[in-house]
């Protein structure tokens, strides 16, 4: 048995089918381990000719020419299921394409975890919207109820063929739209394990304008008939009754937000046709959706259901207009956002029924970042999308650092906050207090308006970050030396800080007789040290504190300079002529390494020295030692 069957339905695809096929034949999986079945639905252009040329060149490509146009991709996909020789089948639209490691990665993951269905991270091309929340992280087993799986019900996934054949899961041929939703929802409900991969760009979905598969007009009776099939499948599934209700609510949220129902009062101009759609939607909801679901859906879905259950097209149309201008009708009361929409007034709803907290988002912008001394400054602004501008002056802002693993929080107050403008100053020493603080801290901002609280990750909307991606502060909390590196997360581009124990760094020593300064260089490291740091030098069993004259931090590296004359007063000239400051320190015991670069170990250590007739103790942040000399970078 082959590992994978790639199923590609085509119709008038001559302008883009080559890109799709190229991505399939270039897969890193050996071509004798998978097959490509192309099912042409009576194309009127040169698609078939292109398919045949590829078939002649690649023996694992099979071309099936349908004798009659089916009107959609469903029946061609069914033919691929019947003809498949692979253990798994992957459906690809002819205008889309795959990452070249897709088959190898997905199959290996599916085999390791015995997955029935595997979703691979999708990428939108040319502005094509694709599901994102489900691909936040890879999961061997995604929970159907708790995860956003219901928002990804297109068929472009990896399915175990035996699952499809065992439960006769096919694309329904008696409808011309939403057949993919019926297919995927049935597969979801029958699968024992659904996996998600978010570690690679698996599927590229392309925004297009031309004709690809033929689609006929769908009457509202047929459309909501297909929705009834999905609801019936949920009712008949093996889920518990509680989970059935939760899953049905999630599906309805998706349906009202991302389907033909979403804005039919706007996209359909003919009022009689609007009435037909409203009537069928009314019948579908009243006959199939238990009223207890109304309490489980999102707020705007709940409010829409009042109009739908009463077959109130006029009220629904006004509601759609109201929610587009929601900030005119919202208010904060008793810790919640209340929507006093004029359209809903006739239904005499209670205040609790008018809560729309979930419709509000924090809109944020960071205008400035600054690493200064031992602190990290963030300036910016926040607004609320569902509230009038005057509410900005009433909000109390907090900055919240959340440890990603331990989930503990460290809350900071703004040094400035007015009308939504803010400045937060975080001391790195507050993030790195003990051993448990090592790890990643994610930054949130929380707004409190009269008891209504909203929290959001921030950083992805910002001015250009002024530092390199490897820029970090080097500090010491008395227990260990650490680095604090601000960065922006890969997937959502939000601000985080990584705290790590600081160990070795490469350092170079520059000594030219003509130079005014002795220079220590950390190449490729943009470092920030505590303010007024000192170098403590030891030579011939004598130690001296030398002020750092200059500290220059850039993307190319960090330079620390001390006054040559001051050093020459303390040390013999032979030290300054030495080129043997070459060692690596990986513990408190020094290990000499015969190279002309120096590795530096950041550690916590108290040193004691005599100053006149007194002994003083200094906490050391940076310690460098060679066979001739010792250097300590410390804070005053």
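Checking the conditions here, which among 87, 104, 137, 75 is within 18 Å of residue 40 (Cβ to Cβ) and either out of contact with any strand residue (DSSP E or B) (no Cβ under 7 Å at 6 or more places or on another chain) or touching a residue at least 40 places away in the same chain (Cβ under 8 Å) (or both)? If you could, list the steps in order and put the result at the bottom.
Working: 87 fails: within 18 Å of residue 40 (Cβ to Cβ); 104 fails: within 18 Å of residue 40 (Cβ to Cβ); 137 fails: within 18 Å of residue 40 (Cβ to Cβ).
None of the other options fit; the residue is 75.
Considering 472, 531, which residue is at pLDDT below 75 and within 42 Å of the chain's Cα centre (by Cα)? Write out each step before concluding.
Numbers: 472 fails: at pLDDT below 75.
Only one candidate passes the filter, namely 531.
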**Asked** If you scan the range 148-160, which residues turn out to be over 24 Å from residue 133 (Cβ atoms) and surrounded by fewer than 19 Cβ atoms within 10 Å (Cβ to Cβ)?
**Response** none
**Request:** State yes or no: is residue 516 at pLDDT below 85 and touching a strand residue (DSSP E or B) at 6+ places or on another chain (Cβ under 6 Å)?
**Result:** no
**Message:** All but one of (1) out of contact with any helix residue (DSSP H, G or I) (no Cβ under 6 Å at 6 or more places or on another chain); (2) part of a helix (DSSP H, G or I); (3) buried (at least 16 other Cβ atoms within 10 Å of the Cβ) hold for residue 371; state the number of the condition that does not hold.
**Reply:** (2)
**Request:** Assess whether residue 243 counts as being surrounded by fewer than 18 Cβ atoms within 10 Å (Cβ to Cβ) and either modelled with pLDDT under 95 or in a loop (DSSP other than H, G, I, E, B) (or both).
**Result:** no
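Would you confirm, using the coordinates I've provided, whether residue 365 is touching a strand residue (DSSP E or B) at 6+ places or on another chain (Cβ under 6 Å), in a helix (DSSP H, G or I) and surrounded by 12 or more Cβ atoms within 10 Å (Cβ to Cβ)? I'd like the intermediate steps shown before the answer.
On the way: touching a strand residue (DSSP E or B) at 6+ places or on another chain (Cβ under 6 Å): yes; in a helix (DSSP H, G or I): no; surrounded by 12 or more Cβ atoms within 10 Å (Cβ to Cβ): yes.
Against the criterion (touching a strand residue (DSSP E or B) at 6+ places or on another chain (Cβ under 6 Å), in a helix (DSSP H, G or I) and surrounded by 12 or more Cβ atoms within 10 Å (Cβ to Cβ)), residue 365 does not qualify.
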**Prompt:** Only one of these conditions is not met by residue 478: (1) modelled with pLDDT under 85; (2) in the same structural domain as residue 413 (by TED's automatic domain parsing); (3) part of a strand (DSSP E or B). Which number is it?
**Reply:** (3)
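Test residue 180 against the criterion of being within 29 Å of residue 113 (Cα to Cα), assigned by TED's automatic domain parsing to the domain that holds residue 120 and not in a loop (DSSP other than H, G, I, E, B), and give yes or no. I'd like the intermediate steps shown before the answer.
Working: within 29 Å of residue 113 (Cα to Cα): yes; assigned by TED's automatic domain parsing to the domain that holds residue 120: yes; not in a loop (DSSP other than H, G, I, E, B): yes.
When the stated conditions are applied, residue 180 passes them.
Looking at the structure I just gave you, is residue 443 within 28 Å of residue 356 (Cβ to Cβ), buried (at least 17 other Cβ atoms within 10 Å of the Cβ) and free of Cβ contacts under 8 Å to residues at least 60 places away in the same chain? Break it down stepwise before answering.
Working: within 28 Å of residue 356 (Cβ to Cβ): yes; buried (at least 17 other Cβ atoms within 10 Å of the Cβ): yes; free of Cβ contacts under 8 Å to residues at least 60 places away in the same chain: no.
No; evaluated as a whole, the condition is false for this residue.
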**Request:** Spot the failing condition for residue 459; the list is (1) part of a strand (DSSP E or B); (2) crowded, with 22+ Cβ neighbours inside 10 Å, and only one is missed.
**Result:** (1)
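Which of the following residues is over 16 Å from residue 301 (Cα atoms), modelled with pLDDT of 95 or more and in contact with a strand residue (DSSP E or B) (Cβ under 8 Å, 6 or more places away or on another chain): 393, 381? I'd like the intermediate steps shown before the answer.
Details: 393 fails: modelled with pLDDT of 95 or more.
Matching residue, one of 393, 381: 381.
The values are calculated or read from the model by the stated rules, or taken from the named source; none is laboratory data. Predicted, not measured: the structure shown is a model, and the values here were computed from it. All Cβ positions, glycine included, derive from the backbone under ideal geometry; neighbour counts span all protein chains shown.
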